[in-house]
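Heads up: the structure comes next, in structure tokens.
The values are calculated or read from the model by the stated rules, or taken from the named source; none is laboratory data. All figures in this text were calculated on a predicted structure; none of them were measured in a lab. Neighbour counts run over all protein chains shown; Cβ positions are idealised from the backbone, glycine included.
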Amino acid sequence: MKKFHFKLDKLLSYKDQLLENGLMILATLNAEMQRLNDRLRALAEEVLRSRRSLAEKQAEGELTPTAYQIHFRYEDFLKKEIEETEGAAAKLAVKIEQQIEVIRGLRLETKSLEILKESKLKDYRKEEMKAHEQMIDEFVNTSRLQRQAAQGT
């Protein structure tokens with residue numbers, strides 16, 4: 001009997017590669033999201049540090065109108081940076097969700113192909129077993145006929 005060959009092996013291999021690439025893209029997107037979250041935490045800490053510094057200067061009576069303006073400009077700058085980073089994180093979250101959907105689809109396709117392959121292999125093994133049983137039956141029948149022929153002569 002011929003060796004088992006799954007006709008859709010190339011497609012299965014291709015889908016596996018796509019899945020692997022999709023997972024790498026997702027890992028890259030998650031790393032970028034982590035970087036943005038770290039940036040947001042750092043900006044939030046900087047806002048708190050700046051406000052503490054302002055409060056300390058106020059308590060010490062060292063706050064000039066110019067220092068006050070500089071502080072508020074710096075805080076406005078930080079707020080804009082936070083807004084931009086949050087916007088980038090929101091866009092990235094959408095990309096991550098899209099990539100997750102792509103991966104889900106690829107996993108489903110890959111799993112379907114693997115199930116089909118297993119089913120075909122199971123069918124092949126059944127056919128192989130039938131062929132072996134048939135060979136054994138033929139051997140038994142041939143040997144029985146040879147014994148009867150030997151006894152009849």
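Numerical summary
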read-out: Looking only at segment 102-153, and only at residues there that are of a type in the set (Asp, Glu) and surrounded by 11 or more Cβ atoms within 10 Å (Cβ to Cβ), the one that is nearest to Met33 (Cα to Cα); value: Glu109
read-out: Close pairs (6 angstrom Cβ cut-off, 6 or more residues apart or separate chains): free of Cβ contacts under 8 Å to residues at least 12 places away in the same chain in segment 135-148, surrounded by 10 or more Cβ atoms within 10 Å (Cβ to Cβ) and acidic (Asp, Glu) anywhere; value: none
read-out: Residues satisfying the stated conditions in segment 1-44, i.e. of a type in the set (Gly, Ala, Ser) and at pLDDT 95 or above; value: Gly22, Ala27, Ala31, Ala42, Ala44
read-out: Test: residue in segment 69-82 that is farther than 30 Å from Thr28 by Cα, over 27 Å from the mean Cα position of the chain (by Cα) and touching a residue at least 24 places away in the same chain (Cβ under 8 Å); value: yes
read-out: Close pairs from segment 92-104: first among the basic types (Lys, Arg), partner modelled with pLDDT of 95 or more, Cβ under 6 Å, at least 6 apart; value: Lys95/Leu29
read-out: Counted residues, segment 54-66 - those being surrounded by fewer than 16 Cβ atoms within 10 Å (Cβ to Cβ) and in contact (Cβ under 8 Å) with a residue 12 or more places away in the chain; value: 0
